[in-house]
Amino acid sequence: MEQMDLGENAYEFESRRSVLLIIGVNGVGKTTSVGKLAGQMKDDGKKVIVAAADTFRAAAIEQLTEWARRANVDIIAQQEGSDPAAVVYDAVAAAKSRQADILICDTAGRLHNKKNLMEELKKINRIIDKEYPEAYRETLVVLDGTTGQNALVQAKQFMEVADITGIILTKLDGTAKGGIAVAIQSELGIPVKYIGVGEKIDDLQKFNAKEFVNALFHVEEKEEA
Ligand SMILES: Nc1nc2c(ncn2[C@@H]2O[C@H](COP(=O)(O)OP(=O)(O)OP(=O)(O)O)[C@@H](O)[C@H]2O)c(=O)[nH]1
Ligand SMILES: [Mg+2]
């Protein structure tokens with residue numbers, strides 16, 4: 001429980017003008033998590049913009065458009081096949097001119113090969129650093145809680161190209177307890193900041209070390225007197 005504790009500034013981005021970059025391999029729940037985060041922050045009274053920087057498939061842009069509609073936030077998108085870094089460039093310009101509090105960028109989980117994907121993430125990072133240096137940066141890698149050891153390997157690979165500040169561990173609504181998060185925290189020092197517990201907009205929770213550890217060991221939470 002102590003090891004999984006988040007410390008004080010884990011959600012600093014909520015009170016800053018910030019850019020959230022959401023990365024991870026295909027199918028882990030990136031786009032869904034972008035939608036959920038946008039919904040939460042909008043509900044908190046923030047001005048939120050989402051950027052459709054997964055331009056690899058038309059369906060990805062449509063999917064994020066639908067999430068933006070549900071969350072009632074603006075979306076910046078271009079056509080399928082366009083340069084993801086150009087989408088981010090546009091989105092940063094929009095965030096500045098519309099004075100958005102939070103810009104959340106969805107990214108592709110798969111390109112023609114892994115090297116392309118990693119190069120693209122570097123390029124997106126350079127654009128944000130250059131065009132929006134005043135923004136607070138948060139880079140969250142999304143990992144599927146049902147994939148075990150594989151998730152650790154993925155986190156390591158993304159660490160090589162991005163300054164990862166946290167993890168969103170998804171699909172913990174099934175039987176998976178996400179025990180791999182403990183290994184990731186101890187080996188890589190990256191904290192889990194959110195857990196995904198379903199497919200709907202409200203199914204994203206801030207990480208709670210006590211609940212997480214109790215669930216791992218099947219400890220029933222007792223009502224505090
Ligand atoms: N049960 C459950 N399903 C989830 C959760 N998060 C995402 N999913 C589902 O996982 C599937 C993939 O989610 P996406 O958000 O499209 O994943 P992605 O990482 O954007 O995928 P690509 O864009 O293909 O790389 C969808 O069917 C989601 O509804 C979760 O916390 N729990
Ligand atoms: Mg996606």
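The values are calculated or read from the model by the stated rules, or taken from the named source; none is laboratory data. Only a predicted model underlies this, so the values are computations on that prediction, with no experimental measurement involved. Using ideal geometry, Cβ is built from the backbone for each residue, glycine included, and neighbour counts are taken over all protein chains shown.
Would you be able to say whether some residue in region 97-105 is more than 19 Å from M41 (Cβ to Cβ) and within 16 Å of ligand 2 (Cβ to nearest atom)? There is no residue in region 97-105 that is more than 19 Å from M41 (Cβ to Cβ) and within 16 Å of ligand 2 (Cβ to nearest atom).
So, L117, is that one crowded, with 21+ Cβ neighbours inside 10 Å, free of Cβ contacts under 8 Å to residues at least 24 places away in the same chain and within 21 Å of A60 (Cα to Cα) or not? Considered against the rule, which asks whether it is crowded, with 21+ Cβ neighbours inside 10 Å, free of Cβ contacts under 8 Å to residues at least 24 places away in the same chain and within 21 Å of A60 (Cα to Cα), L117 comes out as yes.
Under the condition of being without any contact (Cβ under 8 Å) to a residue 60 or more places away in the chain and surrounded by fewer than 17 Cβ atoms within 10 Å (Cβ to Cβ), the residues counted in region 178-190 number 5. Sort out which residues of region 108-141 are charged (D, E, K, R) and farther than 19 Å from I167 by Cα, and write them in order of number. Passing the criteria: K114, K115, E119, E120, K123, R126, D129, K130, E131, E134. Can you find even one residue in region 1-18 that is touching a Gly at 6+ places or on another chain (Cβ under 9 Å) and surrounded by 24 or more Cβ atoms within 10 Å (Cβ to Cβ)? Scanning region 1-18 turns up no residue that is touching a Gly at 6+ places or on another chain (Cβ under 9 Å) and surrounded by 24 or more Cβ atoms within 10 Å (Cβ to Cβ).
For region 157-180, a tally of residues being touching a strand residue (DSSP E or B) at 6+ places or on another chain (Cβ under 7 Å) and in a loop (DSSP other than H, G, I, E, B) returns 7.
A58 satisfies every condition listed in (1) surrounded by fewer than 15 Cβ atoms within 10 Å (Cβ to Cβ); (2) within 16 Å of ligand 2 (Cβ to nearest atom); (3) at pLDDT 95 or above except (3).
Let's see how each residue does on (1) without any contact (Cβ under 8 Å) to a residue 40 or more places away in the chain; (2) of a type outside the set (D, E); (3) touching a helix residue (DSSP H, G or I) at 6+ places or on another chain (Cβ under 8 Å):
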{"site": "Q154", "(1), (2), (3)": "no, yes, no"}
{"site": "M159", "(1), (2), (3)": "yes, yes, yes"}
{"site": "V192", "(1), (2), (3)": "no, yes, yes"}
{"site": "F207", "(1), (2), (3)": "no, yes, no"}
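Applying the set (1) in a helix (DSSP H, G or I); (2) crowded, with 17+ Cβ neighbours inside 10 Å; (3) touching a residue at least 60 places away in the same chain (Cβ under 8 Å) to Q63 leaves exactly one unmet item: (3). Do we find a residue being touching a Phe, Trp or Tyr at 6+ places or on another chain (Cβ under 8 Å) and within 16 Å of ligand 2 (Cβ to nearest atom) anywhere in region 126-140? Looking for residues that are touching a Phe, Trp or Tyr at 6+ places or on another chain (Cβ under 8 Å) and within 16 Å of ligand 2 (Cβ to nearest atom), one finds at least one in region 126-140, hence yes. Counting only residues that are of a type outside the set (G, A, S), touching a helix residue (DSSP H, G or I) at 6+ places or on another chain (Cβ under 6 Å) and within 20 Å of G198 (Cβ to Cβ), how many does region 8-49 have? Adding up the residues that qualify gives 3. Given the criteria in contact (Cβ under 8 Å) with a residue 24 or more places away in the chain, surrounded by fewer than 20 Cβ atoms within 10 Å (Cβ to Cβ) and farther than 20 Å from L6 by Cα, does G174 qualify? So G174 fits the description; yes. Against the conditions (1) touching an Asp or Glu at 6+ places or on another chain (Cβ under 6 Å); (2) surrounded by fewer than 24 Cβ atoms within 10 Å (Cβ to Cβ); (3) in a loop (DSSP other than H, G, I, E, B), V28 satisfies every one except (2).
When the test is whether a residue is closer than 14 Å to V25 by Cβ, in contact with an Asp or Glu (Cβ under 9 Å, 6 or more places away or on another chain) and either away from ligand 2 (no atom under 16 Å from the Cβ) or of a type in the set (S, T, N, Q) (or both), K156 passes it. Scan region 181-225 for residues that are part of a helix (DSSP H, G or I) and modelled with pLDDT of 90 or more and the total you get is 14. Tell me, please, whether a residue that is part of a strand (DSSP E or B) and acidic (D, E) can be found in region 94-111. Yes, the conditions are met somewhere in region 94-111.
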